[in-house]
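Data block below; observations after.
The values are calculated or read from the model by the stated rules, or taken from the named source; none is laboratory data. Source: prediction; values computed, not measured. Note that each Cβ is placed from the backbone with ideal geometry, even for glycine, and that neighbours are counted across all protein chains shown. All accessible areas refer to the heavy atoms of the entire protein, side chains included, with ligands and DNA or RNA removed. Shrake-Rupley method; radii C 1.70, N 1.55, O 1.52, S 1.80 Å.
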Amino acid sequence: MTKLLVLGPARRRWIIALTSAVGSAALAVAAVPAASAATAAHAAGLPKAIHASHTMGVRKLGTVNVGALAAADAKKHAASAATAHRVMPVRLFPGAKTASRASSAAAPSVAGVGLTPITNSNVSGEHGFDGLTSVINAGANPAIGDVAPPDQGLAVGPSPSGTIMMEFLNQSLNLYSTSGATLAGDIPAYQLFALAPSAFLSDPRAYWDPSSGHWFLTMFTFGAAAGDNVQYVDVSVTKDPFGSYAIYAIPTNDPSATGCPCFGDFDQVGSDANGFYIATNEFSFATPAFNGAYIYAFSKGNLIANAEGLGPVPAIFLYKVPLADPFGSYHIAPSTVTQGAKAPGTEYFVESNGNLPYDGSTFGNGLEVFTLSNTALLNSNLEPTLSVTGVGTESYSQPLNVNQKIGPNPLGQANNDAVAQLQTDFNAVQEVTYTHGLLYAELNTGFNSGNNSGAAWFVLKPVSPSTANLVNDGYVFTSQNLLYPAIGINSDGNGYMVMTVAGPNRFPSAAYVKFKGSDGPSGDVHIAASGTASEDDFTCYANTNSIGAFPCRWGDYSMAQAFNGKIYQATEYVAPQPRDPFSNWGTRMWFAPDPS
């Protein structure tokens, strides 16, 4: 019998399914950039210096060897129909309200911004291949089965086998050569953290650190019991991605906070010259409470030394970014340093203000920049200071859920349902990249009265802990819809923005556009791989999703990284690959030379 595993009711009982969108007023961006009073008010409402509330205990759980896991799993895994399926968390900000298309119809369209053409051609030198699919992923751990969305993770770096592309999804990991050959694959996520097959893991992150050459993997678990809520971190013992990884566990249950036991949702990772950082959003189980954005900071060098057996487990400093009514800090994205750029002794975080107000409005025209200064203190187990400032930017808004091209949907037809819409990202900064004093960030935004989804991009220059300037910003809008954009750039700021493209005339497809430093996107949106069908997933239909009526879950991320003269990219699309009864998603991985 099919078993439907969904979110525990406590996990998201305060979150309303996005049947069309969230927000009620401005579901389209304004015509011109404007300074943000909301940004200034929020930054003014936060302390200028935020100190760590306390140091955290962290447990070292032992080691796992990726090569050994891959060899063992290759003997027992076979593609088969899944016997279970699970929808991953909905990434909504607290206090969100639903909005219908009617309520957004009066919102203005963007004026003076043209549509970028879409081309089916690729840039010269592009090469790609299909990555993990719903079938492969479900077969890796039948106890979990199908998972949606995959939560794309990507890390690229050197290995004894040459350049490898590491893909880490909910709930499995693969390592590929640049030709697309699987070098180690279908490793269940639970094995990477020495957990039981039934562990509810979410939000995989893979990161290769250019300054140290080590590899990092993170995920978190959550559940109603205090012991269920843990942030896990794997650190490679050597620079070999196929080798051993030390496993660390950080409790996120936070017993002193409101409504806890709690968990750290939507974990994101960052790194500078000295530290490794994880930013989360703390939610409770007992009550529908959101306790704020939490940042965990610890010495990268000391962590690696401990993984190598050369020193003690480092202290972890926890920064609880406070709520400042009527605003609440949420989804603070840490930055990573691109290959070839000198890593600073400062870590920067960027947050949008379009998901801050608790009144349910979902638009913004500014960003917050958080600065963790003098991070070398972490190497001595001392506390750096976190500061915040506001920057006025162009406007952006929560996009509505979007249509996809109509095609066969056998799962939907079995339930008498039509092809469903795709869930867009909320207008939150997802990935931030640092190079030569500049921060590059992006987010999803609505346009055309909120009926279409596009991408907004930003280039910021931190000046001091209390000052940051906007260098440039802009949009990418097409005749279709863009979902989950991410910017991958080299040390000169040149690269690509990757995303999914979907709309009335296009099945969900993998795409990218050139990105030229502070000038931003340039030229057409290229289709790296065309989708071959509509998304037809168990999350799309009320009868197969115990949450009820719901758009198809998508994303929750795209990823891009620079390495040795190329930009490596990955995103979700509907691939021409075998499906199982409950899902048909796939992933596309590709690289292209740095644009000149």
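Looking at this model, which pairs from Lys516/Lys566; Lys60/Lys461; Lys300/Lys342; Lys239/Lys461; Lys320/Lys342; Lys239/Lys566 are more than 26 angstrom apart at the alpha-carbon?
Lys60/Lys461; Lys239/Lys461; Lys320/Lys342
Could you list which residues have their amide H under 5 Å from that of Phe550, counting only those 5 or more apart in sequence or on another chain, with H placed in the peptide plane?
HN-HN under 5 Å from Phe550: Ala542.
Which value in nm describes the separation of the simple spin-label points at Ser211 and Asn65, placed 7 Å from the Cα toward the beta carbon?
Taking the simple label geometry, Ser211 and Asn65 are separated by 3.2 nm.
Multiply the residue separation of Lys516 and Asn469 by 0.36 nm, subtract the distance between their alpha-carbon atoms, and state the gained length in nm to one decimal.
Extending this stretch completely gives an extra 15.0 nm.
Express in whole angstrom the spacing between the alpha-carbon centres of the range 133-184 and the range 230-244.
First find each Cα centre; the distance between them is then 15 Å.
Between Ala49 and Lys342, what's the calculated FRET efficiency when r is the beta-carbon distance and R0 is 35 Å? Round to 0.05.
The calculated FRET efficiency here is 0.85.
Using protein chains only and a probe of 1.4 angstrom, how many square angstrom of Leu482 are accessible, to the nearest 10?
Its accessible surface works out to 0 Å², give or take rounding.
Is the shape of the range 446-596 rounded, prolate or oblate, going by the alpha carbon gyration tensor and its root eigenvalues a ≥ b ≥ c, with a/c under 1.5 for rounded and a/b larger than b/c for prolate?
It comes out prolate by the Cα gyration axes.
Rank-order 484-490, 225-231 by packing density, defined as the average count of other C-beta atoms within 10 Å over each peptide's residues, highest first.
Going from most to least packed, we get 484-490, 225-231.
Efficiency by 1/(1 + (r/R0)^6): what FRET value for Asn543 and Ser198, r their Cβ-Cβ distance, R0 = 22 Å, to the nearest 0.05?
Efficiency at R0 = 22 Å is approximately 0.35.
Between Ala226 and Asn120, what is the label-point separation in nm under the 7 Å Cα-to-beta-carbon projection?
So the label points at Asn120 and Ala226 sit 6.0 nm apart.
Would you mind computing Rg(Cα) / (2.2 N^0.38 Å) for the range 179-319, counting N as its residues?
1.08
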